[in-house]
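These notes are about the structure you will find just below.
What follows is calculated from the coordinates using simple rules that are stated; it is not laboratory data. Just so it is clear, the model here is predicted, and its values are computed rather than measured. Please note: Cβ atoms are built from the backbone with ideal geometry, for glycine as well, and neighbour counts cover all protein chains shown.
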Amino acid sequence: MTTSPLAQPHDTVQVDLTGRTALVTGAGSGIGRATALRLARSGAHVIAVDLKEEAVREVAEITGGDAVVADLSDLDALDALNLSADILVNCAGIQHVRPIEDFDPEKFSQILRIMLEAPFRLIRRSLPSMYEKGWGRIINVSSVHGLRASEFKSAYVSAKHGLEGLSKVVALEGAAHGVTSNCVNPGYVRTPLVDKQVADQAAAHGISENEVLEKVFLDKAALKRLVESEEIAEMVLFLCSPPAASMTGTSLVVDGGWSAH
Ligand SMILES: NC(=O)c1ccc[n+]([C@@H]2O[C@H](COP(=O)([O-])OP(=O)(O)OC[C@H]3O[C@@H](n4cnc5c(N)ncnc54)[C@H](O)[C@@H]3O)[C@@H](O)[C@H]2O)c1
C-alpha cells in the first residue's frame, strides 16, 4: 500500500472543507506549507501563494491545488491577480533584527507591505464573495509579537500589532455576513525563519545554537520547546470548524506561556 503524501498521523480536528477554496500565503515553507497541506487533507481546494516558485509548485503538486508565484511586497501586482477564497490564511512573513537607529527605512516599509498591507489587499478582495456566500474565514498568522514587543524587531512588531487591529475590524464588519476573522499567535515555531535567526545569533554571540535556543528564544516561554508548524496548522483548521463559529475578533495564543508573564 502506498501512503499518500497528504497522510498525517496527528490530524485531530475533524472538519470537511470539501467545496471550499483556501488561499494560503507563504505556503512554500514552514507554517504556511503545513497549513496548506492540512487544509487540503480536509478537502479544501488550496491556492498556495509564495515568492518561491519551486516550493509553491511542490505544495500545489502535493495538494492537487493551484500555485501562485507572487511577491506580496508588490501590492499593485498582487491586486492585479484578483485573488479571493472562502478561507484566507495570511501567513507570509519575514523578520529583520536591528536597533531602530540602524533599521533601513525601506526594509521597514517592505515588512509592513508584506505582513500588513498585503493581508489588507487580500482581505479586501475576498470579502465580497464571502459576503455573497454568507460564509468566510479570515485567519491571520500573527505572533506573540502581535501582543508583546521585543527590542530590535520594530517592523515585525509594528506589522503584527497592526494585523491584530485589522483582524478585529474585519471581525466587526464581517459578522453580519457569516465571516469570522481571527489571529493565531505562535511563540517560536520550528521553521526556516527561526532556524536562520538561531544560526545568526549563535554566530553573532559565539555560542552554540542550543544555547541560543535555551537562553534567548525560549527564555520567556514556560514550556521549553519550539512549537511545531503542524500544531499551528491544526489551530487554523479549528478556526474553520463549526465549534469555532462564534469565535471572531480574537487571538488564539500558542506561545508556551510566554505572554503569561
Ligand atoms: N517561526 C516562528 O517562530 C513564528 C512565530 C510567530 C509567528 N510566525 C509567523 O508565521 C508566519 C510564517 O512564518 P514561518 O516561520 O513559517 O516562515 P518561513 O520563512 O518558513 O516561511 C515564510 C514564507 O513566506 C514567504 N514569503 C516571504 N516574503 C514573501 C513575499 N514578499 N511574497 C510572497 N511570499 C513571501 C517565503 O518565501 C516563505 O515561503 C510569518 O508571518 C511569521 O511572522 C512565525
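Tell me the mean residue ellipticity at 222 nm calculated for the chain from its helices only (DSSP H runs of n ≥ 4, each -39500 (n - 2.57), averaged over every residue, nearest 500).
-12000 deg cm²/dmol
Could you work out how much longer the chain between Met247 and Ala260 gets when fully extended? Use 0.36 nm per residue separation minus the Cα distance between them, nm to one decimal. Could you put the intermediate results ahead of the total?
Values: separation 13, 0.36 × 13 = 4.68 nm, distance 2.12 nm.
Gain in length upon complete extension: 2.6 nm.
What relative contact order, as a whole-number percentage, does the chain give when Cα pairs under 8 Å and 6 or more residues apart are counted?
Values: 517 pairs, mean separation 50.5, N = 261.
Computed over the chain, the figure is 19 percent.
Mind ordering 227-233, 251-257, 148-154, 205-211 by average Cβ neighbours within 10 Å, highest first? The partial results should precede the final answer.
On the way: 227-233: 20.7, 251-257: 18.7, 148-154: 14.6, 205-211: 11.4.
Most protected by this proxy first, the peptides run 227-233, 251-257, 148-154, 205-211.
What's the ranking of 195-201, 44-50 by average number of surrounding C-beta atoms within 10 Å, highest first?
Final packing ranking: 44-50, 195-201.
Cα-based count: Lys pairs in segment 128-254 below 17 Å, eight or more positions apart or different chains?
5
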